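Only one structure is covered here, and it is reproduced in the block below.
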Amino acid sequence: MGSITKEQRSKIMASIHSKDTKPEMIVRRYLHACGFRYRLNCPRLPGHPDLVLRKYRTCIFVNGCFWHGHDCKDFVPPKTNTEFWTNKINRNKERDINVQKQLATMGWHCIVVWECELKKDSREQTLCSLEYTLNHIFLKDHEVRYLPLEQDQQLDIAAEREL
């Protein structure tokens, strides 16, 4: 395998997009098929989450293992210009943490789906887990809380007449 020129490398790196990636499209298609509705790359929220589900007060980030330094077998640090890439990936990790803290302070739930979790062998489990988590969040946020009754306390019943 031969080495490539600086210009070729630059062209390759410029062709990498941050929106509508294959992993993001997998998550979007699955959620839409399950009936979840969302907004894309919401500019009003910190970090411009990939998917925003307002009904669930949840932001979903679909992260690439390389760009966000995921601790998995798919992340291989570059062998050239190592210091630059290490600094860049560490800045991305710090920014991710800060954005999630900001969103949590604003009352949003944050879910990160990693690129490696969407490979064919683990995709179904990951997507089912995501669906379960969203439903769990919704039920927890909308559960009715009842106050405990005193032992001799009576409730007024609106449907029946008093005798």
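The values are calculated or read from the model by the stated rules, or taken from the named source; none is laboratory data. Owing to the predicted nature of the structure, the values given are computational and were not obtained by experimental measurement. Neighbour counts are summed over all protein chains in view; Cβ atoms, including those assigned to glycine, are modelled from backbone coordinates with ideal geometry. Heavy atoms of the whole protein, side chains included, go into the accessibility calculation; ligands, DNA and RNA do not. Shrake-Rupley method; radii C 1.70, N 1.55, O 1.52, S 1.80 Å.
Sort through 40, 45 and tell me the only one that's among the hydrophobic types (A, V, I, L, M, F, W, C), open to solvent by 30 Å² or more (accessible area, probe 1.4 Å) and at pLDDT below 95.
40
Quick one: which of 117, 124, 83, 131 is buried (at least 18 other Cβ atoms within 10 Å of the Cβ) and part of a helix (DSSP H, G or I)? It would help to see each step written out before you state the result.
Working: 124 fails: buried (at least 18 other Cβ atoms within 10 Å of the Cβ); 83 fails: buried (at least 18 other Cβ atoms within 10 Å of the Cβ); 131 fails: buried (at least 18 other Cβ atoms within 10 Å of the Cβ).
Just one listed residue meets the conditions, 117.
Quick check on segment 99-112. Is at least one of its residues modelled with pLDDT under 95, basic (Lys, Arg) and assigned to a helix (DSSP H, G or I)?
No: segment 99-112 contains no residue that is modelled with pLDDT under 95, basic (Lys, Arg) and assigned to a helix (DSSP H, G or I).
Go through segment 95-114 residue by residue and tally those that are more than 13 Å from residue 45 (Cα to Cα), of a type in the set (Val, Ile, Thr) and open to solvent by 30 Å² or more (accessible area, probe 1.4 Å).
2
In segment 52-68, how many residues are surrounded by fewer than 18 Cβ atoms within 10 Å (Cβ to Cβ) and under 13 Å from residue 26 (Cα atoms)?
0
Among the numbered criteria (1) assigned to a loop (DSSP other than H, G, I, E, B); (2) surrounded by 13 or more Cβ atoms within 10 Å (Cβ to Cβ), which single criterion is violated by residue 92?
Of the numbered conditions (1) assigned to a loop (DSSP other than H, G, I, E, B); (2) surrounded by 13 or more Cβ atoms within 10 Å (Cβ to Cβ), the odd one out for residue 92 is (1).
Taking interchain pairs and intrachain pairs at least six residues apart, which have beta carbon atoms under 9 angstrom, with the first residue in segment 19-30 and within 13 Å of residue 60 (Cβ to Cβ) and the second part of a loop (DSSP other than H, G, I, E, B) and aromatic (Phe, Trp, Tyr)?
Matching pairs, first to second residue: 28/38; 30/36.
Restricting the first residue to segment 71-91 and requiring it to be closer than 26 Å to residue 119 by Cβ, which pairs with a second residue that is among the β-branched types (Val, Ile, Thr) meet a Cβ separation below 9 Å and a spacing of at least six or different chains?
Matching pairs, first to second residue: 75/89; 77/86; 77/89; 78/86.
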